[in-house]
């Protein structure tokens, strides 16, 4: 149904990171918000994406924010980089969702929900690192990869899932030896993202613990945050709640802090 | 969210967080109705992958589940797969709500299902803080043919549990709500055993699942045993029910046996009347099950299918491409390997090597009727099993379970394909065969379409007959 060859072909057709985007990120890494905003403005699609995203209600700005300099200024270095990383996924987001009943608006809302709560969690565990902050942006790549790989095989997969509660990640792993997160990491490498992001992403799958204590901890928070987001009514209705297997035992030791920070009640 | 249905138990498995805001989205009314329509005896929500729930969310789930009782009052509702702390929370929330049951695990829930494989004499360790619950659990398990061992104190339970391996299952942190009264069904070898209690009167027509019975006949079961040990009395409506069942089964060469009926309040003349109609009477279940000669004669032994004299129709042959497409694509999907068609012919079944082969079959009826038989080399079965279980297994029971799932998937796919063309069929329960020699012999005179395929040099046989 799915072979390694097909997965390689899928990764091959992923476009490389646009030059302007790479240069903007490099300027952010140097700490120059103003130059980064000026550079970003050279790409109209990127400018439009940033304006639309930041003005979503979830970001809570009272008035519309139009200027990129203003946007970058409000967001700060870490958050600006995080949102630029969101844009990477925008490059591979499907025009039409078929496997999941989702729209690009819902997908963007999911990205925003993850970003905002990830930042809260990082503050609670005293982590201030631009790469770690940005790593959350790649998490929903697993959803895009899943949609792209399985949308043409929807009926087959549904039949399989009707007899056994298998999630897409497990199905892909058993069929090809690679899972959605492995594909995500390959995409991150293609976009020349820092290696650490790939490592956190793997750990966030809930089935690949890391030997690095910090990455392991971050992976647990990311795994739980993912399911917090996937438990929203819109994600449940779109079929996203059961696309990946949640591992409650994996996150048991960080649950209390998570629920306090996020305000689960 | 779709439920997975197995052994007539439908299970929804939400993940993550459940609260008043999202609970309605987790269980769509359409999904509940669709699951209830599959004639399930029990509808469960598994909490295995749930990290948080609150009372609002759970109350909404219960009210959604309860909707299905409007059409099927005998379905039992509940939650399963939780840890100790979730059980305590659930009990606080719903101690006085008798509409739901709580089962520590899905396996424990299965013990209380209406349809079980024979698990006679299997020891089940039982404990509940609540004496009335302890009694209810013990009685229900006993009624289903298990050997419940109730422990009175927590200390006694903990002590006995240390030798957990001596028990087939441990039932604790489990709470039985109202159980829908249905007829219990067990399968022993190739005999179907229905357990009834109370009074057998006109209500038999309402509580007996005739569709299940027809399915069983269609798939080749020929011995139906009614365990009436707990029946107080039977009136003329009960007699008529058995007479009709016996006549209806005659077309399939099926037999009806009645066990343990007391004649204290039932006229002895009823037995003579039913015996004239071909119904057999035995005092004890063992008298029948242990009598190999009678069991063989009645078709109750494992591994055979009653010979059919019916031949394939043109309509079925016309639909053959659909049968093959459903089988091949499903097998390709589950083994992730390409199939190569070797040969196809209308013939009597011919299997060159019956060693290391397993089989599964499923019947279909409606606009067209017949039976599909799939014969797998053990290696293909293992590969298909690997996808469902995530590991290579040598356990024959797991392999046979997978083959039953597999033939179910194929039949489901076939049903959908035929439905697109306006042909409506229903499918029976699947059957599996660990040894295929007897099976092959039992259908050796029947003609059908045999298609041989190879998957990575392993031969797989598809046989379609009536």
- Rg/Rh for the range B:184-297, where both radii come from Cα atoms and Rh is the Kirkwood radius: 0.92
- Message: Test of understanding: ordering B:396, B:423 by Cβ neighbours within 10 Å, fewest first, what list do you get?
- Response: B:396, B:423
- Relative contact order [Cα under 8 Å, 6+ residues apart], chain A, whole percent: 20 percent
- Query: Using the reciprocal of the averaged 1/r over all distinct C-alpha pairs, how large is the Kirkwood radius of chain B in Å?
  - Reply: 24.1 Å
- Task: Classify the range B:425-465 as rounded, prolate or oblate from the Cα gyration tensor: take a ≥ b ≥ c as the square roots of its eigenvalues, call it rounded if a/c is under 1.5, otherwise prolate when a/b beats b/c and oblate if not.
- Result: rounded
- Message: Give the average, rounded to an integer, of partner chain Cβ atoms located within 10 angstrom of each Cβ in B:41-50.
- Response: 2
- For each of B:50, A:123, count neighbouring Cβ atoms within 10 Å of the residue's Cβ, then give the residues from fewest to most. A:123, B:50
- Item | Likely footprinting exposure, B:455, A:246, fewest C-beta neighbours within 10 Å first | B:455, A:246
- Shielding of A:229-239 by partners, i.e. mean partner chain Cβ atoms within 10 Å per residue? 5
- Task: Rounded to whole Å and sorted largest first, list the principal axis extents of the Cα atoms in chain A.
- Result: 54, 41, 35
- Message: Highest mean first, how do B:190-201, B:265-276 rank when packing is the count of other Cβ atoms within 10 Å averaged over residues?
- Response: B:190-201, B:265-276
- Query: FRET efficiency for residue B:66 and residue A:249, Cβ-Cβ distance as r, R0 = 22 Å, nearest 0.05?
  - Reply: 0.10
- Query: Relative contact order for chain B: what is it in percent, counting Cα pairs under 8 Å that are at least 6 residues apart?
  - Reply: 11 percent
- Give, in nm to one decimal, the length gained when the segment between residue B:287 and residue B:379 is fully stretched (0.36 nm per residue of separation minus the Cα-Cα distance). 29.2 nm
- Task: Would you mind getting me the FRET efficiency between residue B:251 and residue B:153? Use the beta-carbon distance for r and R0 = 56 Å, nearest 0.05.
- Result: 0.50
- Residue mean of other protein chain beta carbons inside 10 Å, B:19-27: 4
- Using a simple spin-label model with points 7 Å from Cα along the Cα→Cβ vector, what separation in nm is obtained for residue B:262 and residue B:317? 5.9 nm
- Item | Fraction of antiparallel bridges per DSSP, the protein assembly as shown only, in percent to nearest 5 | 50 percent
- Item | Sum of -39500 (n - 2.57) over DSSP H runs of 4+, divided by residues of chain B (222 nm, nearest 500) | -11000 deg cm²/dmol
- Can you give the helix-only mean residue ellipticity at 222 nm for chain A, where every DSSP H stretch with n ≥ 4 adds -39500 (n - 2.57) and the sum goes over all residues, rounded to the nearest 500 deg cm²/dmol? -20000 deg cm²/dmol
- Item | Spin-label proximity, residue A:104 to the range A:10-28 - amide N less than 20 Å from point 7 Å beyond Cα toward beta carbon | A:13-22
- Item | Volume per residue of the C-alpha convex hull in the range B:27-169, rounded to whole Å³ | 123 Å³
- Please give the helix A:213-230 orientation as an angle from the longest Cα principal axis of chain A, in degrees from 0 to 90, rounded to the nearest 10. 80 degrees
- Relative contact order [Cα under 8 Å, 6+ residues apart], the range B:314-465, whole percent: 37 percent
- Query: According to a simple spin-label model (label point 7 Å from Cα along Cα-to-Cβ), what is the distance in nm between residue A:213 and residue B:343?
  - Reply: 6.8 nm
- Message: Taking R0 as 41 Å, what FRET efficiency do you get between residue A:4 and residue B:235 from their Cβ-Cβ distance, rounded to the nearest 0.05?
- Response: 0.05
- Cα→Cβ-extended label distance, 7 Å offset, between residue B:203 and residue A:30, nm: 8.5 nm
- Query: Kirkwood Rh, the protein assembly as shown, all Cα pairs: how many Å?
  - Reply: 28.8 Å
- Task: For the range B:184-297, give the share of DSSP beta bridges that are antiparallel, in percent and rounded to the nearest 5; count only bridges with both residues there.
- Result: 25 percent
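Coordinate-derived values only; no laboratory data. Being a predicted model, the structure only gives us computed values, none of them experimental. In this analysis, Cβ positions are derived from the backbone assuming ideal geometry, glycine residues included, and neighbour counts consider all displayed protein chains.
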